[in-house]
Amino acid sequence: MSVEELAVEQTAIPGLLVVRLPVHGDARGWFKENWQRAKMTELGLPDFGPVQNNMSFNAARGATRGIHTEPWDKFVSVAVGRVFAAWVDMRAGESFGTTYWTEIGPDVAVFVPRGVGNSYQALADGTVYSYLVNDHWRPGTAYPALHLADETVAIPWPIPLDSAEVELSAKDRDNPRLAEVTPMAPKRTLVLGGGGQLGRALARAFPEAEVTTRSELDLTDPAAVAGWDWSAYDVVLNAAAYTAVDAAETAAGRPLAWAANATAVVRLAAVAREHRLTLVHYSTDYVFDGVRASHAEDEPVAPLGVYGQSKAAGEAAVALAPRHYLLRTSWVVGDGGNFVRTMASLAERGVSPSVVDDQVGRLTFTDTLADATAHLLGSRSPYGVYHVTNSGEPTSWHAIAGEVFELCGRSRDDVAPTSTAAYGEGRQLAPRPANSVLELAKIRAAGFEPEDQLLALRRYLA
């Protein structure tokens, strides 16, 4: 049945969408917009990025193909003739085995997500079946298949499969029943920089993720990035970075900072574009000059030192990945060496340090940052830049040190205040923003409420 306006309909199979296409005909024949990215994505069709268009010619009515479950998304339609088409969800999960079928002519197309088995039967001689796919076929790729006559899914083929009209391949005749099928596993999450404080927290928050360290995948090595099989993932969490802020100002550290924080991120963003990955990247308050009392996501970056400059360059690269979350954070505390652990060690050893009191910000515990990441991904929040720190009243490094000392049984007065200028005398230190407070309104609007930094600090030290 022809329709006047383009429409997209949900089905019982999650992600399987039926597209009703307007067909304009006259005495010469008909015309339709088979794939119209702008209109279709506006109606909810995924922007799945097709890279190949295949045609299947079916010489006679009764030609039947499937049920094939391929590791890519497809957009199927008919160029000539009509087919009865059926789909079976072969993905691991609650919807495994769910079916849907319909007849497809010029006025119908169907978006088939990865892991949903696809099949059809030609209802007319000379039928041409068309499908766009968003990945290239690779030799040796194995994927689940299902017998066309499986009793569990009970597809009502218009032409019975035992009819003399039906033509099946030998391979399709030998496909297994549903009870024998191994469901297709979802694509995985990859954590880069798994050896650092944030990487360890991400590994805890995403227990099913694959976690890599630099020794396994060095993002500064173009050959290593090019040789990695990115097709196995749909989300990449990039916790890899050069974070030696003061060393970045030296002749030896400067190229290392740029290689890890900028050039490698350019390479990673290109991978995300090519493979349609969701890229989560982490940045820093050091991209700001600290002149404003607090920093919103849309404030223009103005880094003071090499570390901040290299991170700002990485941010610009990440923005070119269509599906990205850029999480800026500050004063990170996690499983590893950090300011809080240093202060706790000094307190326990009886040392009374001097700590700067003219730099203001908030602590960010890596578990909070990892939880915010999981929330954004799980809630499918809009892509873009988010600021994530723990909440609470902004404070100075000196006040944080005093809190640590008190929690460790020492007096706050055992920590002496000093200025950044005085502390830096005789030291080769990178410039630091005086105000590192990141505004949290956007992450809160996305439904995530960061824990108060002092509550998190007490739990961390306990």
Exercise for review: Take the eigenvalues of the Cα gyration tensor for the chain, scale each by 5, and report the square roots as semi-axes in whole Å, largest first.
Suggested key: 56, 21, 19
**Study point:** Rg to Rh quotient for segment 188-461, alpha carbon positions, Kirkwood Rh
**Key:** 0.96
Revision key, fill the gap. Scalar couplings 3J(HN,Hα) for segment 329-336 by Karplus 6.51 cos²θ - 1.76 cosθ + 1.60 (θ = phi - 60°), nearest whole Hz, x for Gly and Pro, are 8, 8, 6, 6, 10, x, 8, x
Review point. Could you state the number of Å between the C-alpha centres of segment 228-290 and segment 17-42?
Key: 42
Exercise for review: Kindly rank 408-420, 268-280, 125-137 from highest to lowest mean number of other beta carbons found within 10 Å of each residue.
Suggested key: 268-280, 125-137, 408-420
Review point. So what J values fall out for segment 299-307 if you push phi through Karplus, 6.51 cos²θ - 1.76 cosθ + 1.60 with θ = phi - 60°, rounded to Hz, Gly and Pro as x?
Key: 5, x, 6, 7, x, 8, x, 4, 4
Review point. Roughly speaking, what is the centre-to-centre gap between segment 345-380 and segment 120-138 when only Cα atoms are used, to the nearest Å?
Key: 54
Point to revise | Distant-in-sequence amide H partners of VAL332 (H built 1.01 Å from N, under 5 Å) | key: THR364
Exercise for review: Starting from 0 in steps of 5 Å, tell me what percent of the Cα-Cα pairs of segment 293-370 lands in each bin.
Suggested key: 3, 10, 16, 20, 21, 14, 8, 5, 3, 1, 0
Check your understanding: When the Debye formula is applied to the Cα atoms of segment 1-60, each taken as the same point scatterer, what base-10 log of I(q)/I(0) results at q = 0.18, 0.22, 0.24 Å⁻¹?
Key -> -0.85, -1.08, -1.14
Check your understanding: Given only helices, namely DSSP H runs of n ≥ 4 each adding -39500 (n - 2.57), what is the per-residue ellipticity at 222 nm of the chain, to the nearest 500 deg cm²/dmol?
Key -> -6500 deg cm²/dmol
Review point. Going by average Cβ neighbours within 10 Å, how do the peptides 234-246, 205-217, 352-364 rank, with the highest at the top?
Key: 234-246, 352-364, 205-217
Practice item. Return the long-range amide H neighbours of GLY384 (sequence gap of 5 or more, or a different chain), with a cut-off of under 5 Å between placed amide H atoms. Key: HIS324, TYR325, LEU326
Review point. In sequence order, what are the phi-derived ³J(HN,Hα) couplings for segment 162-168 according to the Karplus relation 6.51 cos²θ - 1.76 cosθ + 1.60 with θ = phi - 60°, rounded to whole Hz, with x for glycine and proline?
Key: 8, 6, 5, 6, 7, 10, 10
**Study point:** For ILE67, residues with placed amide H under 5 Å, excluding near neighbours
**Key:** LEU146, LEU148
Exercise for review: Report, in cubic angstrom per residue, the convex hull volume of the C-alpha atoms of segment 7-180.
Suggested key: 123
Review point. Across the chain, how many lysine pairs, 8 or more apart or on two chains, come within less than 25 Å at their alpha-carbon atoms?
Key: 5
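Taken together, the values in this text are just the output of simple stated rules run on the coordinates, not laboratory data. This structure is a prediction, so every number in the text was calculated from the model and none was measured. We place every Cβ from the backbone using ideal geometry, glycine too, and count neighbours over all the protein chains shown.
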